[in-house]
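The values are calculated or read from the model by the stated rules, or taken from the named source; none is laboratory data. Remember, predicted model here, so these are calculated numbers, not experimental data. Virtual Cβ from ideal backbone geometry, glycine too; neighbours counted across all protein chains shown. The protein model used for the area step is the full one, side chains on, heavy atoms only, and it has no ligands, DNA or RNA in it. Shrake-Rupley method; radii C 1.70, N 1.55, O 1.52, S 1.80 Å.
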Amino acid sequence: MPGHVAVIMDGNGRWAKKRFLPRVAGHVKGVELVREMVRACIERGIGHLTLFAFSSENWRRPPDEVSLLMQLFVKALEQEVEKLRRNGVRLRVIGDLSRFETHLQELIRRAEEKTAANDRLALTIAANYGGRWDIMQAANRLAEAAPERGGKWTEADLDPFLAMNFAPEPDLFIRTGGEERISNFLLWQLAYTELYFTPTLWPDFTATEFDKAILSFQQRERRFGRTSEQLTEQPNA
Ligand code: IPE
Ligand code: IPE
Ligand code: MG
């Protein structure tokens, strides 16, 4: 099983359009699938699930859609957090939260606090997140913390300042909705992640679809730069 799965939940709008529904109906359905995905990860013993909910570029969408997405986010936090807490899920939200209205920021803070003692599943929602933003905020904070070493920093120096510093790098990346791109998600952390793209739209991405992605992951050989022979001769080298 992958220890950390990261997902770009794409295709809500097209799912709704196919049904002659407003785009937001796709987002509403999408939230249901998040619930299913959380359940599936717990059942399969997956420790980390990271979901891209809103990118730093999604502010470019029509104001009505942005506002409805924010309302959905608020509603989900109000309604789901207690259930997450009872199920052993620790919720974190990564991204530049300063752009959200204070009520939403407060809900996020409380949700993180309420679930902080849980360790069955680490559920991370990337909201107003961008991979480039993450690398830059980490670099800026590192520069502030260790200015005397300017210009001599290593990758390991940057790691603790990145938004996902609490998690291992993703093993499996899934993007639904047919597009084969990263769209500024976890750029630094995906360096050696196995990528899985599926045309299935997010609201149709059931546990059965998830199992197909896991099966594909299990059939890959992760070489991390080594040769295939090295892996079979000394599996832990
Ligand atoms: C993903 O679905 C959800 C968000 C980006 C919030 P989309 O809304 O991008 O759906 P499509 O890609 O238009 O179908
Ligand atoms: C990526 O989806 C972001 C999220 C799913 C939150 P988009 O639909 O915004 O990505 P692009 O614009 O097609 O690259
Ligand atoms: Mg999209």
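For the pairs K18/K83; K29/K114; K29/K212; K17/K114, note any where the Cα-Cα span goes beyond 30 Å. Mind showing how you got there, number by number?
Working: K18/K83 32 Å; K29/K114 26 Å; K29/K212 21 Å; K17/K114 37 Å.
Beyond 30 Å: K18/K83; K17/K114.
Protein chains only, probe 1.4 Å: how do H103, H4 rank by accessible area, largest first? Kindly include the intermediate steps, with their values, before the conclusion.
Details: H103 90, H4 0 Å².
Largest accessible area first, the residues go H103, H4.
At 1.4 Å probe size, with the rest of the protein present, what percent of the exposed accessible area of the chain is carbon and sulfur atoms?
Values: 6410 of 12690 Å².
C and S atoms contribute 50 percent here.
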Notebook entry, point to check: Hey, what's the chain come to in accessible area per residue, 1.4 Å probe, Å²?
Noted result: 54
Notebook entry, point to check: Taking the alpha-carbon centroid of each part, what is the distance from the range 152-197 to the range 63-97 in angstrom?
Noted result: 22
Checklist line | Per DSSP, loop trypsin sites (Lys or Arg not before Pro) in the range 67-97 with at most 11 further Cβ within 10 Å | finding: none
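Between E113 and Q137, what length in nm is gained on full extension when 0.36 nm per residue of separation is reduced by their alpha carbon distance? Working shown, then result.
Values: separation 24, 0.36 × 24 = 8.64 nm, distance 2.30 nm.
In short, 6.3 nm is gained.
How much length is gained on full extension from R149 to R223, taking 0.36 nm per residue of separation minus their Cα-Cα distance? Don't skip to the answer; put the middle values down first.
Numbers: separation 74, 0.36 × 74 = 26.64 nm, distance 3.32 nm.
Answer, rounded to one decimal: 23.3 nm.
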Margin query: Taking loop as defined by DSSP and a crowding limit of 12 other beta carbons within 10 Å, which GluC sites (Glu not before Pro) in the range 135-233 fit?
Written below: E180, E221
Notebook entry, point to check: For the chain, what is the calculated [θ] at 222 nm in deg cm²/dmol (nearest 500), taking -39500 (n - 2.57) for each run of four or more DSSP H residues and dividing by its residue count?
Noted result: -13500 deg cm²/dmol
Next item on the list: Excluding residues on the same chain fewer than 8 positions from K75, give the aspartates and glutamates whose Cα lies under 16 Å from its Cα.
Entry: E32, E65, E101, E106, E112
Next item on the list: Enumerate the amide H contacts of T115 below 5 Å, restricted to partners 5 or more residues apart or on another chain; note that Pro and chain-start residues carry no placed amide H.
Entry: L91
Note to self: Give me the net charge for the shell around K83: Cβ to Cβ below 14 angstrom, other residues only, Lys and Arg +1, Asp and Glu -1.
What the structure shows: +3
Note to self: Run the numbers for L21 and M70: contour at 0.36 nm per residue of separation, minus the present Cα-Cα distance, in nm.
What the structure shows: 15.7 nm
Margin query: Let me check against my output: what whole-number percent is the relative contact order of the range 4-233, with C-alpha pairs under 8 Å and at least 6 apart?
Written below: 27
Next item on the list: Pull up all non-local amide H partners of G11: gap of 5 or more, or a different chain, and H-to-H distance under 5 Å with H placed in the peptide plane.
Entry: W202
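What's the FRET efficiency of R14 with D211 using the Cβ-Cβ distance as r and R₀ = 35 Å, to the nearest 0.05?
Values: r = 23 Å, r/R0 = 0.66.
So, using R0 = 35 Å, E works out to roughly 0.95.
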Check: What does the charge add up to near I94, with Lys and Arg as +1, Asp and Glu as -1, over the other residues with Cβ less than 12 Å from its Cβ?
Finding: -2
Next item on the list: Roll a 1.4 Å probe over the protein heavy atoms and report the accessible area of V38 in Å², nearest 10.
Entry: 10
